[in-house]
Amino acid sequence: MMGHQTGCQDKLFYSFNLEAYVPQRHLLRGIDHFLDLSDLRQHLSEFYSHTGRPSIDPELMIRMLIIGYSFGIRSERRLCEEVHLNLAYRWFCRLGLEDQVPDHSTFSKNRHGRFRDSDTFRYIFETVLQRCMQEGLVGGEGFATDASIIKADAQRLHSVPGEDAMKWTLSEDAPRAVREYLEALEATNETPSFTPKFVSTADPSATWTGMTGPAFFAYCTNYLIDLKAGIIVDVEASTVNKTAEVHATQTMIDRVEDQFDIKPKRLVGDTNYGTADILAWLVNEKDIAPHVPVWDKSDRTDGTLSRSDFVWDAEADEYSCPEGKTLRKNWRPFKNPRTHINQDNFIRYRAKESDCAACPSKAQCCPNASIRKISRSVHEDARDVARQIALTPAYEASMRERKKVEMLFAHLKRILKMDKLRLRGFSGAQDEFLLAATAQNLRRMAKWLTPIAKEADLMPA
Ligand code: SF4
């Protein structure tokens with residue numbers, strides 16, 4: 001028999017317990033278990049007045065933002081609607097059934113004001129990371145690093161050629177993102193090393209990039225993760241270029257060491273992190289083993305002899321060619337000793353013209369030049385360390401483990417829907433990346449460590 005719904009909605013009194021209503025296996029219960037905001041008020045105390053009308057509780061706003069970034073609700077307006085309607089979200093925010101949800105404009109004021117001035121998002125990220133450490137999810141032995149491009153909230157339509165942007169001057173009525181961009185330029189007191197093709201008038205700090213296909217404005221999110229359980233130990237926003245990404249990784253490694261006294265034994269990364277400068281920094285300054293492919297253009301593919309066919313003699317500071325001839329950086333003494341280091345931090349070693357002219361192997365060595373030259377980086381020792389590591393089984397394992405950071409980026413874009421930023425300016429990008437990384441760490445702890453997680457899931461992949 002087909003039944004009829006018998007409930008009616010005009011009851012005056014309900015007996016309802018929100019705590020009992022939220023399922024025990026709900027992801028938010030796990031997130032709530034690992035999120036400790038008890039010191040947040042203390043952290044923010046300087047940024048609130050001691051008199052006047054009470055503000056909206058900052059913990060409520062942070063809890064709402066964590067819901068937004070954990071469940072891919074990026075619009076503040078929609079987030080307020082969802083918290084209003086969703087009982088589990090109300091429970092997580094400590095709101096009763098009849099409590100008012102803050103207006104979306106309140107978020108905007110606090111995100112760009114107190115929360116940014118007090119570095120609240122980094123404080124929360126680090127609080128959650130500390131909890132990950134307490135739970136034993138951070139091993140500290142191996143870190144991996146990578147960067148991912150995220151579209152900025154900026155259109156080509158609202159942009160000017162780079163040369164025009166160079167003439168901009170700082171004014172009070174300029175939009176926040178433009179002021180931030182010009183203030184950053186003024187603070188560095190340096191002329192940019194190159195003129196970008198386009199600069200967005202809405203978000204000038206975003207980079208115009210065509211690295212992944214048709215060009216658009218974007219930022220990079222840089223992750224430093226611990227390889228034991230894929231916990232993000234640091235995150236940094238950067239412009240879209242290799243030098244900025246490498247610099248971001250150095251900043252993150254230093255910051256983790258300063259804040260938590262953790263320095264990994266090995267760093268895993270792709271070729272972007274295999275330049276001579278960062279390898280030298282890792283090997284000589286930080287004593288970290290670079291599990292990174294060396295950025296090397298010395299191998300020739302046209303059938304002529306590569307640099308690896310020449311033998312290096314460190315003591316004599318010279319190369320020997322396959323014909324037994326010597327290549328040196330100088331063939332005559334100089335009155336004033338020279339380093340012979342070029343601007344690119346490479347030293348050129350040259351064969352003697354007379355040796356090459358009479359050589360039977362010249363056609364395989366330098367068919368289009370009178371002599372053979374070999375370039376050697378001033379950091380070649382560090383590059384050799386990375387080359388030796390690349391021959392080991394541990395390196396192969398590291399390359400497989402590197403996928404953990406790529407999976408986090410895939411999760412960020414597909415599940416958390418962070419394929420485009422909503423906030424503008426470099427600080428906006430940094431705030432969003434910090435919140436997203438916090439949400440990813442919380443979700444990982446909740447899924448792996450709460451009673452619903454299976455034992456097998458606790459093992460590193
Ligand atoms: S061309 Fe010059 S550098 Fe090359 S193998 Fe012959 S002698 Fe050596």
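Side notes on the structure shown:
- Per-region count, the range 327-357, residues touching a helix residue (DSSP H, G or I) at 6+ places or on another chain (Cβ under 8 Å) and either within 10 Å of the ligand (Cβ to nearest atom) or assigned to a strand (DSSP E or B) (or both): 1
- Where a residue in the range 418-442 is of a type in the set (Ser, Thr, Tyr) and its partner, wherever it lies, is at pLDDT 90 or above, with Cβ under 6 Å and at least six apart: THR438/ILE124; THR438/PHE125; THR438/VAL128
- For THR304, the conditions (1) within 24 Å of TRP281 (Cα to Cα); (2) part of a loop (DSSP other than H, G, I, E, B); (3) within 12 Å of the ligand (Cβ to nearest atom) are fulfilled apart from (1).
- Only one of the listed residues (SER70, SER55) is of a type in the set (Ser, Thr, Tyr) and free of Cβ contacts under 8 Å to residues at least 24 places away in the same chain. That residue is SER55.
- If only residues of the range 308-324 that are exposed (fewer than 11 other Cβ atoms within 10 Å of the Cβ) and among the hydrophobic types (A, V, I, L, M, F, W, C) are counted, the one that is nearest to the ligand (Cβ to nearest atom) is ALA316.
- Scanning the range 111-128 for any residue that is in contact with a strand residue (DSSP E or B) (Cβ under 8 Å, 6 or more places away or on another chain) and crowded, with 17+ Cβ neighbours inside 10 Å turns up at least one such residue.
- Being more than 14 Å from the ligand (Cβ to nearest atom), of a type in the set (Lys, Arg) and assigned by TED's automatic domain parsing to the domain that holds MET399 is a property that LYS286 has.
- Within the range 50-74, if we keep just the residues that are of a type in the set (Ser, Thr, Tyr) and over 18 Å from PHE115 (Cα atoms), the residue that is surrounded by the fewest Cβ atoms within 10 Å (Cβ to Cβ) turns out to be THR51.
- The single condition from (1) out of contact with any Leu (no Cβ under 7 Å at 6 or more places or on another chain); (2) assigned by TED's automatic domain parsing to the domain that holds TYR219 that THR339 fails is (2).
- Residues satisfying the stated conditions in the range 340-395, i.e. farther than 15 Å from SER306 by Cα, among the hydrophobic types (A, V, I, L, M, F, W, C) and within 41 Å of the chain's Cα centre (by Cα): ILE341, PHE346, ILE347, VAL378, ALA382, VAL385, ALA386, ILE389, ALA390, LEU391, ALA394
- Complete set of residues in the range 228-264 that are out of contact with any Gly (no Cβ under 9 Å at 6 or more places or on another chain) and among the basic types (Lys, Arg): LYS242, ARG255
- PHE334 of a type outside the set (Ser, Thr, Tyr) and either free of Cβ contacts under 8 Å to residues at least 60 places away in the same chain or surrounded by fewer than 17 Cβ atoms within 10 Å (Cβ to Cβ) (or both): yes
- Screening GLU76 on (1) at pLDDT 90 or above; (2) within 26 Å of ASP419 (Cα to Cα) shows it passes everything except condition (1).
- Comparison of ASP313, ASP355, ASP296, ASP287 shows that the only residue that is at pLDDT 90 or above, closer than 30 Å to LEU224 by Cα and not small (Gly, Ala, Ser) is ASP287.
- Any helices (runs of 4 or more DSSP H) falling wholly within the range 156-273 and containing at least 2 residues that are in contact with a helix residue (DSSP H, G or I) (Cβ under 6 Å, 6 or more places away or on another chain): 176-188, 242-260
- Looking only at residues in the range 358-410 that are of a type in the set (Gly, Ala, Ser) and without any contact (Cβ under 8 Å) to a residue 60 or more places away in the chain, the one that is farthest from VAL292 (Cα to Cα) is ALA358.
The values are calculated or read from the model by the stated rules, or taken from the named source; none is laboratory data. Keep in mind that this is a model prediction, so the values were computed, not measured. FYI the Cβ positions are ideal-geometry reconstructions off the backbone, even for glycines, and counts take in every protein chain you see.
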